[in-house]
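**Student:** Sharing a structure here in structure tokens format.
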Amino acid sequence: MKLADWLLRRRREDDLEDEIRTHLAMAATESVKDGLDAESARLAALKDFGNVTLTREATRTAWGGTWRWVVADLGQDVSYAVRTLARSPGYTAIVIAVLALGIGANVSLFSVFKSLVLTPIHGVENSGRLAVLGARTTAGRLSALPHPDFREIRKDAHAFEGLAGTTDVFFTVGIGTASQRMYGELVTGNYFQVLGVRAQLGRTLLPSDDVTPGNHPVVVISEAVWKRIFGSDPQIIGRPLTLNGQSFTVVGVSEPGFQGSVVSQTVGIFVPVMMQPQTMPPDRLSSRQVPLLWGLGRLRSGTTIEQAAAQADGLSAQLATVRPDDPNEFRATVIPIWQSPYGAQTYILPLLMPLGAMSLLLLFIVCANIANLVLVRGLSRRGEIAARLALGASRSRILRLLLVENIVVAIPGTLAGLVMSHALSGLMRQSATADATMIFDLNTSPDGFVAGFALLLSFGCSMLFGFVPALQSTRLDLATVMKDDLSARSGSKGRLRAALVVSQVAVSLVLLVGAGLVIRTLESVQGANPGFDARNVVLMAVDLRAGGHDEVRGGLFCESLLAAVRAEPGVEAAALASRLPLRAVEGRRRQVSVDGYGLKRGDELRFSVDTITSDYFRTLRTDVLAGRDFEASDEQSGSPVVIVNETMARRFWNTPDNAVGRRVALDGTSKWRTVIGVVRDMKYTRLNEEPRSYIYAPHGQLYEPNLILHVRSREASPATIQQLRRRVEAVDANVPILNVRMLEDVVRQGSAVYRMTASVLGLFGGIALLLAALGMYGLVSYSASRSAHEIGIRIAVGANPSDVARRFLGDGLRLGIWGVACGLAISIIVTRLLTSLLYGVGPTDVVSFASALAVVLVIVLAASSIPAWRAARTDPIAALRHR
């Protein structure tokens, strides 16, 4: 019956109209009989009946139920809002464009946050809920767990539904010049089962592949590797694949989308951890001192990160009784995956908090600007609103109509904002790669998370910029409106609009100060001394194992290669090293013992060790502060020696000179190595890193198959690079050249984060300043238009046009100064959020504040001058005619 009532609504509406007309006609007839004329009788009947519109609404509510009437009424409001906005295309376009700027900036940052925190691992359902099991040293540094400790903890870690182990490694795929360098993982046999990843071809790794060291030469490859290397060959299962010089059998291809468990990083090779001794010797599977595996799994329902961490710590304490004496005590812990020390989140998440705060400030300016537009539009609609109130509409009813209009215009603004967010997301993606050997794949494409956030933000903005103006628009004195006029001149005094403009100026100053601080930081970073001279240095990575060389043949190859390269015309110096300067990821640290040093609580003696050849420091032009450099005799049968950096020398022996002749041991062995030299500190991972200890060992005494050839020439050019390629091929054509780059490019990549941050904040500041200028221009123009009659009188009685201009220019400057004062106070507080990003400047840098202040004042002056100049040129006759 209710459905039938709904479908017959039109007929009931007609019946209602007939009944009202009949009732009014009968009442008028009775009044005529009492002696009134026909018109007076009709008016008396209407007066006695009351508000006809309200009667209709009350009757409809009684007919169909409240919710159906509300839905129908909202539909009418939406239809009316669409028609109204269509009649004002200029206003609608401006609101959509301004809203798109604010929505786009915030959505782009949320997309990055989503990619790093909410859905960090492609192809894994609910990957944001994954937790990582690792170790924390007494110094607070996060580290992997030794393989035996991981196995023991996993057996009793009941906080997890399942716990897999993984460690990242570079694989050289193939043999000889056809080899390629790829990022991969050594994983436990339950890795794919814990993550819920299946195979689209063959099978994944199984627990049976995780039993005996060295006896499981199988590999699973990603879909991307399958397509790129094997051309999507459906017969790939069972084919051999050479990894780091060892033969493996392909047993599966992972399902589409899965790219490994390192956040936002492309991983294509998955090998059982039992093959670690063959792929990355020496054997670390049995050591309780060498970190190897990170745990990865899902917590059981109802278990918190803190509870899981406490359980892991307790299990770790039990294992301390069977672990050999380790000067670097550590305890197991559990952290969310977004706190993992490896992956894009390490570099990008620290940026998101200050950038997110700045983007919200930009959104505030957007809302303030749109609120100004809504206020002006409300003044032009005072007559319409007054008529609705006079006809009996309540303030809440009109308020709802105005808010619906704001929501309707916010929907296309949201869509435009989603489109606009792609440009900024692309900028952040390009700047996220901090090392050419690591490709961060940030999945910032729109999905349910992004669309939901954009809609929530859009509707929130609609209420923010629409509610107060709409509320003010409904505050009308009907008698005054009808008595005076319905023009904008009889509207509000504009205090709210003035407050909005002041806030826009203040926030734009904050954003410009933030951009200035980051730009100054970028200048400091680019001018920082990395500890070496990067000019005209070519880097060429080679893999001796993939070229078929063992330690003996590899040593001979290095000698021959260096002799040949050094003999090339134009080459000033050349050397080999196992580590890249300014590499984004530090890599494995080695256990170090210092002869005669008494270990203190909280000390950590795990340091990075670089294997190098002679002339390395001369190639990089790094000063030797004490002692000597490595010589050819150190590469062969010389006594064990090392070189340390200045920070390590001062930490353990007070001065560089005192360090020479002292002894250290690596990896917990009793083999002492004599310190023969001390070199100046370099920047090893980041340009803004704190000084830290570092050790160098001769390649002949600490062999590494993966090396980087460093060549300093008088002029590094493409011809020089080709010449070096030919020289490597002439020495041994089977040794693959995996990567070639300039050291200057590596240094530039070290400042990529600052360039990206400066670009984003500069863009935010520019948009904010533009919107603030538009707001100031609009307010002064509006003030001048309201005062047109007064200006005409003043000019007619002899006022100087310059006096008129100064009046309105002064109004704008006063608001601007108020905004600047508020902005300076806010900036002093907000810029402290940028402290972690700053380098070489403080959060209250005078130059940044002064520059932003000057720019804002110039823009305020310009935005106020144009309408002030136009007001001074007012025609008094035309103004006096205007009412």
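The values are calculated or read from the model by the stated rules, or taken from the named source; none is laboratory data. As the structure is a prediction and not an experimental result, all values here were calculated from the model. In this analysis, Cβ positions are derived from the backbone assuming ideal geometry, glycine residues included, and neighbour counts consider all displayed protein chains. Quick note on the areas: whole protein, heavy atoms, side chains included, nothing else; ligands and nucleic acids left out. Shrake-Rupley method; radii C 1.70, N 1.55, O 1.52, S 1.80 Å.
**Student:** Report, ordered by the first and then the second residue, all pairs with beta carbons closer than 6 Å, sequence separation of six or more or different chains, a first member in region 704-721 that is within 14 Å of Leu738 (Cα to Cα), and a second member that is of a type in the set (Val, Ile, Thr) and modelled with pLDDT under 90.
**Tutor:** Ile721/Val740
**Student:** While we're looking at this one, here's another question. Quick one: in region 256-285, of everything that is assigned to a strand (DSSP E or B), at pLDDT 90 or above and among the hydrophobic types (A, V, I, L, M, F, W, C), which residue is nearest to Leu130 (Cα to Cα)?
**Tutor:** So the residue we want is Phe270.
**Student:** Name the strands (runs of 3 or more DSSP E) wholly inside region 673-743 in which the number of residues that are surrounded by fewer than 18 Cβ atoms within 10 Å (Cβ to Cβ) and in contact with a Lys or Arg (Cβ under 9 Å, 6 or more places away or on another chain) is 2 or more.
**Tutor:** 737-742
**Student:** Okay, moving on. Restricting attention to region 494-522, which residues are of a type in the set (S, T, N, Q) and over 21 Å from Ser751 (Cβ atoms)?
**Tutor:** Ser503, Gln504, Ser508
**Student:** Let me ask you something else. Pairs under 6 Å by beta carbon, first residue under 15 Å from Arg727 (Cα atoms) in region 540-569, partner at pLDDT 90 or above and assigned to a helix (DSSP H, G or I), six or more apart or different chains?
**Tutor:** Ser560/Val731; Leu561/Val731; Ala564/Val731
**Student:** Which one of Leu109, Leu101 is within 16 Å of the chain's Cα centre (by Cα) and closer than 30 Å to Leu771 by Cα?
**Tutor:** Answer to the check: Leu109.
**Student:** Please go through region 633-660 and give me each residue that is of a type in the set (Val, Ile, Thr) and not in a loop (DSSP other than H, G, I, E, B), ordered by number.
**Tutor:** Val641, Val642, Ile643, Val644, Thr647
**Student:** Further question on the same structure: Condition first: of a type in the set (Lys, Arg) and at pLDDT below 85. Now tell me which residues in region 804-824 satisfy that.
**Tutor:** Once the filter is applied, which keeps residues that are of a type in the set (Lys, Arg) and at pLDDT below 85, region 804-824 yields Arg806, Arg807.
**Student:** Here is a further query. When you go through (1) more than 14 Å from Gln701 (Cα to Cα); (2) surrounded by 19 or more Cβ atoms within 10 Å (Cβ to Cβ) one by one for Val641, which number turns out not to apply?
**Tutor:** Single failed check for Val641: (1).
**Student:** Please tell me if Gly75 is in contact with a helix residue (DSSP H, G or I) (Cβ under 9 Å, 6 or more places away or on another chain) and either assigned to a strand (DSSP E or B) or not β-branched (Val, Ile, Thr) (or both).
**Tutor:** No, not satisfied.
**Student:** Let me ask something else about it. Name the pairs whose Cβ atoms lie under 6 Å apart, with the first residue in region 147-171 and part of a helix (DSSP H, G or I), the second open to solvent by 40 Å² or more (accessible area, probe 1.4 Å), and 6 or more positions between them or separate chains?
**Tutor:** Here the result reads Pro148/Arg288, each pair linking region 147-171 to a residue that is open to solvent by 40 Å² or more (accessible area, probe 1.4 Å).
**Student:** If Ser208 passes every condition in (1) open to solvent by 60 Å² or more (accessible area, probe 1.4 Å); (2) touching a Gly at 6+ places or on another chain (Cβ under 9 Å); (3) closer than 27 Å to Ala317 by Cα; (4) not in a loop (DSSP other than H, G, I, E, B) but one, which one does it miss?
**Tutor:** Condition (3) is where Ser208 drops out.
**Student:** Tell me which of these Glu19 doesn't satisfy, since it passes every other one: (1) open to solvent by 60 Å² or more (accessible area, probe 1.4 Å); (2) at pLDDT below 70.
**Tutor:** Tallying (1) open to solvent by 60 Å² or more (accessible area, probe 1.4 Å); (2) at pLDDT below 70, Glu19 fails exactly one: (2).
**Student:** Looking at Ala498, Ala506, Ala515, which is the one that is at pLDDT 70 or above, under 17 Å from Val820 (Cα atoms) and open to solvent by 10 Å² or more (accessible area, probe 1.4 Å)?
**Tutor:** After ruling out the rest, the residue left standing is Ala498.
**Student:** Please work out which residue is modelled with the highest pLDDT, limiting yourself to region 686-724 and to residues that are among the β-branched types (Val, Ile, Thr) and more than 30 Å from Glu604 (Cβ to Cβ).
**Tutor:** Val711
**Student:** I'm trying to understand the selection: among the residues of region 818-843, which are polar (S, T, N, Q) and either surrounded by fewer than 17 Cβ atoms within 10 Å (Cβ to Cβ) or over 23 Å from the mean Cα position of the chain (by Cα) (or both)?
**Tutor:** Once the filter is applied, which keeps residues that are polar (S, T, N, Q) and either surrounded by fewer than 17 Cβ atoms within 10 Å (Cβ to Cβ) or over 23 Å from the mean Cα position of the chain (by Cα) (or both), region 818-843 yields Thr835, Ser836.
**Student:** Taking only pairs six or more apart or across chains, which ones have beta-carbon atoms under 8 Å, a first residue in region 221-237 that is surrounded by fewer than 16 Cβ atoms within 10 Å (Cβ to Cβ), and a second residue that is part of a loop (DSSP other than H, G, I, E, B)?
**Tutor:** Within 8 Å, the pairs are Asp233/Arg239.
**Student:** Also, quick follow-up: Which ones in region 78-105 are open to solvent by 50 Å² or more (accessible area, probe 1.4 Å) and touching a helix residue (DSSP H, G or I) at 6+ places or on another chain (Cβ under 8 Å)?
**Tutor:** Residues satisfying the conditions are Val78, Val82, Ala86, Ile94, Ala97.
**Student:** Still on this structure, please answer the following. Restricting attention to region 153-168, report how many residues are crowded, with 18+ Cβ neighbours inside 10 Å and under 23 Å from Ser208 (Cβ atoms).
**Tutor:** The number of residues fulfilling the criteria is 9.
**Student:** Condition first: within 32 Å of the chain's Cα centre (by Cα) and either closer than 24 Å to Ile737 by Cβ or modelled with pLDDT of 90 or more (or both). Can you find one or more residues in region 148-160 that meet it?
**Tutor:** yes
**Student:** Consider Leu351 carefully, then state whether it is within 20 Å of the chain's Cα centre (by Cα) and at pLDDT 75 or above.
**Tutor:** Yes, satisfied.
**Student:** Examine region 184-193 for a residue that is open to solvent by less than 50 Å² (accessible area, probe 1.4 Å), among the hydrophobic types (A, V, I, L, M, F, W, C) and either in a loop (DSSP other than H, G, I, E, B) or at pLDDT below 95 (or both), and state whether such a residue exists.
**Tutor:** No, every residue in region 184-193 fails to be open to solvent by less than 50 Å² (accessible area, probe 1.4 Å), among the hydrophobic types (A, V, I, L, M, F, W, C) and either in a loop (DSSP other than H, G, I, E, B) or at pLDDT below 95 (or both).
**Student:** Of all residues being over 28 Å from Phe467 (Cβ atoms) and not hydrophobic (A, V, I, L, M, F, W, C) in region 346-367, which is least open to solvent (accessible area, probe 1.4 Å)? Just the residue, please.
**Tutor:** Pro354
**Student:** I've got another one for you. Do we find that Asp209 is of a type in the set (Asp, Glu) and touching a strand residue (DSSP E or B) at 6+ places or on another chain (Cβ under 9 Å) in this structure?
**Tutor:** yes
**Student:** Continuing with this model, one more query. If we scan region 286-298, do we find a residue that is over 14 Å from Thr166 (Cβ atoms), open to solvent by less than 20 Å² (accessible area, probe 1.4 Å) and assigned to a loop (DSSP other than H, G, I, E, B)?
**Tutor:** For region 286-298, residues over 14 Å from Thr166 (Cβ atoms), open to solvent by less than 20 Å² (accessible area, probe 1.4 Å) and assigned to a loop (DSSP other than H, G, I, E, B): absent.
**Student:** Please enumerate the residues belonging to region 540-563 that are surrounded by fewer than 16 Cβ atoms within 10 Å (Cβ to Cβ), among the small types (Gly, Ala, Ser) and modelled with pLDDT of 85 or more.
**Tutor:** Passing the criteria: Ser560, Ala563.
**Student:** Could you list, ordered by first residue, the pairs with Cβ atoms under 7 Å in which the first is in region 410-422 and among the hydroxyl-bearing types (Ser, Thr, Tyr) and the second is buried (at least 19 other Cβ atoms within 10 Å of the Cβ), at least 6 apart or interchain?
**Tutor:** Thr414/Ile103; Thr414/Ala454; Thr414/Ser458; Ser421/Gly104; Ser421/Val107; Ser421/Ser108; Ser421/Ser111
**Student:** Could I ask something else about it? Out of (1) in contact with a Ser or Thr (Cβ under 9 Å, 6 or more places away or on another chain); (2) open to solvent by 10 Å² or more (accessible area, probe 1.4 Å), what's the single condition that is false for Val273?
**Tutor:** (2)
**Student:** Checking Val746 against (1) in a loop (DSSP other than H, G, I, E, B); (2) at pLDDT 85 or above, which single condition isn't satisfied?
**Tutor:** The failed condition is (1).
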